[in-house]
Amino acid sequence: MKRPGTRPRAVFLLATLKHKRSGQEFSHTETLAEVVIECLKAEDVQCEMIRLVDYDIPAGTKSNMGKGDDWPRILEKILASDIIVFATPIWWGIQSSLMQRVIERLDELHNEILETGKSRLTNKVGGIVITGEEDGEQHITGNIANFLLNMGVTLPPHCSLSYQGSYARATKNSLGKKFSEENADGAEKMARNLAFFARLLTENNIPAS
C-alpha cells in the first residue's frame, strides 16, 4: 500500500506508430497527451510517457515472453503507478495495433483475477487520450474503458480527452498551441479528476473481497 501524502505517479502508454529515430513526423496523440501531462503536473502528479513503438514488445498473452522482451520493464512501471493513461491514434476506426498489444500483454493479469479474485491494478485510476482524422473515438473509448474496468481500474468522470479533425499543415508547435487553447478545459478537468481519485484511493483502498 502506498503511503498517504506521497505524490501520485502517472504513466502514459503512448501507442503512436511513428518512430522518432526514423525521422517520421511528430505524433498528434503525443502532443495532446502532453497537454494532459502539463495539467497533471499542476496537480503535483509525477508523469512519465512511454513511447511503445520504441520498445520490443512481442505478440503474446504472458507478462514475460522471454529474451529480448521489453514488456516486463513496462509492466513494472504500470504496477508502480497510480494513474494509467492509454493514449492512441485512430487507425481505420479502431485503436492502434500497439494499444491492442498492451491489452493482449496484460491478459495474464486478467487470468490472475479469474483465479484469485484479486487484481494488481485495483486502486489505480485510468484515463484515455485519442486523436484522429476519422470516426471511431467513441468505439475506442468504449473498448478501452471496458478493458480497464474488467482489470479492476477505477475510471473517474471526464477521464478521457480526444480530438478529431484535420491536421493539414500542422507543426508540433502549432498543434500544441491549438490543443492547449481548444482542449484546455477538458484537459484540466481530466487531470483534476485523475489526481483526486488517485489520492482518494491511496488513502481509502477499495475493500478486498
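The values are calculated or read from the model by the stated rules, or taken from the named source; none is laboratory data. Every value quoted in this text rests on a predicted model; they were computed, and no experiment measured them. Methodologically, a virtual Cβ is constructed for each residue, glycine included, from the backbone with ideal geometry; neighbour enumeration extends over all protein chains shown. In case anyone asks, the SASA skips ligands and DNA or RNA and just uses the protein heavy atoms, side chains included. Shrake-Rupley method; radii C 1.70, N 1.55, O 1.52, S 1.80 Å.
What about residue 83, is it modelled with pLDDT of 95 or more, at negative phi and within 14 Å of the chain's Cα centre (by Cα)? When the stated conditions are applied, residue 83 passes them. So how many residues does region 43-86 have that are out of contact with any Lys or Arg (no Cβ under 9 Å at 6 or more places or on another chain) and within 22 Å of residue 183 (Cα to Cα)? Final tally of qualifying residues: 3. Scanning region 1-27 for residues that are buried (at least 18 other Cβ atoms within 10 Å of the Cβ) and modelled with pLDDT under 95 returns a single hit, 27. Hey, any hits in region 39-53 for a residue that's more than 30 Å from residue 172 (Cβ to Cβ) and open to solvent by less than 60 Å² (accessible area, probe 1.4 Å)? Within region 39-53, not a single residue is more than 30 Å from residue 172 (Cβ to Cβ) and open to solvent by less than 60 Å² (accessible area, probe 1.4 Å). Listed by first and then second residue, the pairs with beta-carbon distance under 8 Å, at least 6 apart or on different chains, first residue in region 1-18 and closer than 26 Å to residue 131 by Cα and of a type in the set (A, V, I, L, M, F, W, C), second at pLDDT below 95 and open to solvent by 60 Å² or more (accessible area, probe 1.4 Å), are 17/91. Contact annotation: residue pairs with Cβ atoms under 7 Å, 6 or more positions apart or on different chains, pairing a residue in region 136-153 that is without any contact (Cβ under 8 Å) to a residue 24 or more places away in the chain with a partner that is open to solvent by 30 Å² or more (accessible area, probe 1.4 Å), are 141/160; 145/155; 149/155. Scan region 115-127 residue by residue and report those that are β-branched (Val, Ile, Thr) and surrounded by fewer than 19 Cβ atoms within 10 Å (Cβ to Cβ). 116, 122, listed by residue number.
Residues in region 54-80 that are assigned to a loop (DSSP other than H, G, I, E, B), surrounded by 15 or more Cβ atoms within 10 Å (Cβ to Cβ) and within 17 Å of the chain's Cα centre (by Cα): 57 only.
Restricting 90, 84, 130 to residues that are closer than 24 Å to residue 40 by Cβ, out of contact with any Asp or Glu (no Cβ under 9 Å at 6 or more places or on another chain) and surrounded by 17 or more Cβ atoms within 10 Å (Cβ to Cβ) narrows the list to 84. A residue that is touching an Asp or Glu at 6+ places or on another chain (Cβ under 8 Å), buried (at least 18 other Cβ atoms within 10 Å of the Cβ) and in a strand (DSSP E or B) occurs nowhere in region 95-109. Just one of the listed residues (32, 13, 40) is under 19 Å from residue 153 (Cα atoms), touching a Leu at 6+ places or on another chain (Cβ under 9 Å) and not in a strand (DSSP E or B), and it is 40.
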